[in-house]
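Peer 1: My questions will all concern the structure given below.
Taken together, the values in this text are just the output of simple stated rules run on the coordinates, not laboratory data. Quick caveat, the model's predicted, so the values are computed rather than measured. So basically every Cβ, Gly included, is an ideal-geometry build from the backbone, and we count neighbours across all protein chains shown.
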Amino acid sequence: MSGRDATAAGMSRREAVRLLGAGTGFGLAALWGSDASPRAAGRQATGQGASSVVFPDGAIVRTVLADVDPVEIGSGATLFHEHLSFDYASPPAEPRRPGTPAPPAPTNEEMVDLLVEELRMAAFDGVSCIVDSSIGPRTAQQLANLTAMATRSGIHIVVGGSYFLQPRYPEAIAGLDEDMLAAHLIEQAARERWGALGEVGSSFPAMHDDERRMIRAVSQVHRRTGLPIFTHVPHESCPSCAIEQIDLYESAGVDMAHLCIGHLSTIQQSDDPGWETHKEIAGRGAFIGFDTVGHRMSASFIPEREKVDMVLNALEAGYEDHILLSSDFANTAQIKANWGNGFSTVLVQFVPKLRYYGVPDETIRKILVDNPRRWLAHVPGAA
C-alpha cells in the first residue's frame, strides 16, 4: 500500500507513515521475526526465531482484557515490571527555570491518550506485553485506564497486584491474619483481573514481620490460583534481602518456575563479588529479575555497563533460561513524548549493549520473549 493509497483508504497521513514504517522492519521488532506484532496469534510460533517453548495444557496469561493463550502474546518482548498507573505528562510538571510555573496537569483523558501513543511506539520497537506493577491499591479509574490502554494500543497488559512495603499497607489489612489476608488478595485478584502478584516488597535493611506475613499470604494465593510472583528487593544493594525472600517463598511451597526475585540489578559487585546471589537464586529454579535497566534509576546509580556485566555473568554460569529484563519505568521526563525512550527503553538502550558484547540474538530472544512467557503462563487454580 502506498502512502497515497493509505490516505485514500481513510487513514490520516500520520497513520499511513506509521504503517509504512512498520512494514520496512524499522525498530527492534525486526530482531524477533515476522510475527512480532503485539497481537500475533497462533499456537505454534512461526517465522524467523520461532520459539520452541511448550506450555502446559490449559495454561493462560491473564491480561486485563482476557485470558490469552501464551503463544498469542506474540514474538515481541514481554516486560515483567513497569508502571503504567502513574502520572505522566508532556511537558512534565517540573518547571524548566526557577520561578517558571508548572504547566497544567493533563486531564485523565489526555493522560490516557498520551499513554496509548507511548504504548503504540513501544509496540513499534518490538514490545508485545507489559506487566503493570502495583505499589498500592488501584482506583477504579486506574483500572479503567489500563483497559482503555490495552484496547487502543494493541499491547497486552497484565495487571500485577499485591501490597508493596509495610509502611504503605492500608489500615484495612493491618489486622488480618495470614489466611484472611490471602482470602482478601484472592477476592481482589479475581475482581481486578490480576495476572501476576507483585511487586511484593521487603524493607531495608531488615524485613518487617508484617512483610513476612504478606509473603506467606501471597504464597498461599499463588498455590491456590497459579498466579506468578515478582518481588521488590530494596534498591540499596541488599544481597541478604534477596536470599531471605527466596527462602520464605520456597519454604511456603511456591513453584520456583513462577517466582521472579526482582531488582537484582541493584546489587553492587562490591557487596557481592561474582554476583553469587544471582547464581544462587537461578540455581534454585527462580527467575533473576534485572528490572532497573535501560535508564538511570534515582535510587540506584549502578552504571549500565556494570548491569551488562551482571547479565553476562549469569549467562556464563549457564542461567540464560532464568533471566528476565525490565526497566521499572515510572519517569515522566523519560517518556518518548519528552526526552527518553519510554516503555521500550530496555530494547532501545540496553539490548544493543548486550549485542555489542556478544550476546547472540537467539539468547536475547529467549530472555525477552520465551522466559517471561514461561514465567507468566499458568494453569488457573480453583482458589
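Peer 1: For a quick check, take a GNM of the chain with Cα springs below 10 Å and name the residue from Ala140, Ala314, Ala282 with the largest mean-square fluctuation.
Peer 2: Ala140
Peer 1: Nearest 5 percent is fine: what portion of the DSSP beta bridges confined to the chain is antiparallel?
Peer 2: Percentage antiparallel, nearest 5: 15.
Peer 1: Sorted from fewest to most neighbouring beta carbons within 10 Å, what does the list Phe329, Phe124 look like?
Peer 2: In increasing order of surrounding Cβ atoms, one gets Phe124, Phe329.
Peer 1: Based on other C-beta atoms within 10 Å, arrange Leu248, Leu347 from fewest to most.
Peer 2: With the sparsest Cβ surroundings first, the list reads Leu248, Leu347.
Peer 1: Rounded if a/c is under 1.5, else prolate if a/b is larger than b/c, else oblate: which is region 191-273, with a ≥ b ≥ c the root eigenvalues of its Cα gyration tensor?
Peer 2: In terms of gyration-tensor shape, prolate.
Peer 1: Counting other C-beta atoms within 10 Å, which of Met180, Met149 has the fewest, and how do the rest follow?
Peer 2: Met180, Met149
Peer 1: I'd like the Kirkwood hydrodynamic radius of the chain, using the inverse of the mean 1/r over distinct C-alpha pairs, in Å.
Peer 2: Its Kirkwood hydrodynamic radius stands at 21.2 Å.
Peer 1: Taking 56 Å as R0, compute the FRET efficiency from the Cβ-Cβ separation of Ala183 and Ala102 and round it to 0.05.
Peer 2: Calculated transfer efficiency: 0.85.
Peer 1: Suppose every K and R has +1 on its Cβ and every D and E has -1 on its Cβ; what is the size of the dipole of region 33-376 about the Cα centre, in Debye to the nearest 20?
Peer 2: 700
Peer 1: Top mean-square fluctuation among Arg365, Arg97, Arg168, Gaussian network model of the chain, C-alpha springs under 10 Å?
Peer 2: Residue with maximal mean-square fluctuation among Arg365, Arg97, Arg168: Arg97.
Peer 1: Compute the signed sum of charges (Lys and Arg +1, Asp and Glu -1) over the other residues within less than 9 Å, Cβ to Cβ, of Ile246.
Peer 2: -3
Peer 1: Can you tell me, using C-alpha contacts under 8 Å and at least 6 residues apart, the relative contact order of the chain as a whole percent?
Peer 2: Taking the mean separation of contacting Cα pairs over the length of the chain, I get 19 percent.
Peer 1: Springs between alpha-carbon atoms under 10 Å, Gaussian network over the chain: tell me which of Leu143, Leu259, Leu227 tops the mean-square fluctuations.
Peer 2: Looking only at Leu143, Leu259, Leu227, the biggest GNM fluctuation is shown by Leu143.
Peer 1: Can you run phi through the Karplus equation (6.51, -1.76, 1.60; θ = phi - 60°) for region 77-88 and list ³J(HN,Hα) in whole Hz, with x for Gly and Pro?
Peer 2: Coupling constants for region 77-88: 6, 10, 9, 8, 7, 9, 10, 8, 8, 8, 7, 9 Hz.
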